[in-house]
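Written below as C-alpha cells is the structure these notes are about.
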Amino acid sequence: MIMFKGKKILFFSANFFGYHIEIRNKLISLGAEVDFYDERPKNSFWHKALIRIDKRIIRNQIENYYSKIINDTSNIEYDYVFFLKAEVITFKMLSELKKNQKKAKFILYMWDSIKNCESVQELFPLFDKILSFDPIDVENNAFMHFRPLFYLDEYVSIGNNKSKSVYDVTFIGTGHTDRYALVMKIKHFCDRNNLKIFFFLYLQDFKIYLIRKLFNKDFKRAKLKDFFFNSLKKEEILKIIKESKCILDIERPVQFGLTMRTIEILGAKKKLITTNANIKNYDFYKESNICIIDRNNPLIPIDFINSDYVDVPQDIYLKYNFSNWLHDTFNN
C-alpha cells in the first residue's frame, strides 16, 4: 500500500460536485502536500459549453492558463501529477508540464466514459498510468486499469446507524440526457402507488433548461418547477439519503461504469434502483438490495421497496472506500 506522507502532488480537476475538494483534503489528511488547480480556466456557462463543443475554440486561453500554472510550479519537484478526466488541457501544454516535471508520475483517472470526452484520447500516451470507472473503455484499451469510484467516509456512518425512513424512493441528480423523462415516469409510478418520494432534478444554469426545451424532445413537456438551479449541500444530501429506503440512479445511456451515487449507496447500506444492468457484474450485487429497471418501462416491485437491506461481506465495503480508491489510483 502506497504511503502518501511527504509526497508532493499537483492535482487538476473540474468542479466535480465538490469531490475534488474531498480528494484534496483526504490526500492531505494522509500526509501528502497537494497543490490543486481547477482544470478549466473559467467556469462560466459559455466556457463549459465551448469546451464540450470543441476546446480548440478557446485554445489560446487554455494554453495561457496552463502556461501560468507551469511557470508558478516550476520550482517545485512533484512526485505525482494527477488529473481527473483531463477534458481541457491540450497535448501541447501537457507535454510542457511533463517536461517541467521529469520525475513525477503522471496519473489520469477517468470518471466519465471516453464517448463523453473523446478528445482526451490524444493525451493518453503522456500518462504513466490511466484508470477508468468504465469496464468497456478498459476492455477496449489494454493499458487502462479498471477501478470503480468510491464512497466518502460519511456514508459509512449512515450505514452503521439505521434510522426511520421518511422517503420510500429518492432521486438526486442532474437533468442530463433522458433523465428528465425517466424521472417523471418513475415519479408518476410512485404517486400511483402512494409511495413517499424526494426527487431533486438539478440543472447548472437556466440557459441549459431553455436550450433543452428547444432542442431535446424529452424536454418538450418539461416545466420550470420540475427543476432546481441551486445544488444541494453535501450535508443535505447525506441527511436525505439517511432518511430514504431506496435511492434511484440513472446513468447516461452511453455509460457502462457505475456512477458515484451507486457506490455511495453501497457505503450507506441502502437499497438501489438503477437502469444500469451492468451492475450484475460487480461483487456487491444482490437482487435483494438492487433492483434493475427498464429505461423504457420503469416499474419497481413494491415488495422490493418494503423488504430489508441485506449486508454484503465486509471486505467488499472496504474495497470501495475512499482511502482504498486513492491507494489503488496512486499505487505502482
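Values quoted throughout were computed directly from the atomic coordinates according to the rules given, and no laboratory measurement underlies them. Note that this is a predicted model, so its numbers are computed, not measured. Don't worry about glycine lacking a Cβ; one is built from the backbone with ideal geometry, like all the others, and counts go over all protein chains shown.
What the table below lists for this structure:
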item	result
Counted charge near residue 328, where neighbours are those whose Cβ lies closer than 11 Å (Asp, Glu -1; Lys, Arg +1)	+3
Gyration tensor (alpha-carbon) shape descriptor, region 8-147, a/c threshold 1.5	rounded
Eligible aspartates and glutamates near residue 286 by straight Cα distance, threshold 13 Å, same-chain separation 8 or greater	308, 311
Lys, Arg +1 and Asp, Glu -1 on Cβ, resulting dipole of region 154-319 about Cα centre, debye, nearest 20	700
Sequence-separation-based contact order of region 8-147, relative, with Cα cut under 8 Å and 6+ spacing, percent	20
Of 299, 210, 84, farthest towards positive along the dipole that unit charges on Lys, Arg, Asp, Glu beta carbons give the chain	210
Selection from 323, 145, 161 lying farthest towards where the dipole of the chain points positive, charges on Cβ	161
Point-charge dipole on Cβ atoms (K/R +1, D/E -1) for the chain, about Cα centre, debye to 20	920
Estimated inter-spin distance, residue 162 and residue 99, nm [label 7 Å along Cα→Cβ]	6.2
In Hz, Karplus ³J(HN,Hα) per residue of region 27-35 (6.51, -1.76, 1.60; θ = phi - 60°; x = Gly, Pro)	4, 5, 5, 8, x, 7, 9, 10, 10
Which labelled figure in [x] 21.2; [y] 19.8; [z] 21.8 is Kirkwood radius over Cα pairs in Å, once derived from the coordinates	[x]
Relative contact order (percent, whole number), region 154-319, Cα cutoff 8 Å, 6+ residue spacing	26
The chain: relative contact order in percent, alpha carbon pairs under 8 Å with at least 6 residues between	16
Additional length obtainable on full extension of the chain from residue 299 to residue 3, 0.36 nm per residue less Cα span	101.9 nm
Modelled FRET efficiency - R0 22 Å, residue 202 with residue 57, Cβ distances, 0.05 increments	0.25
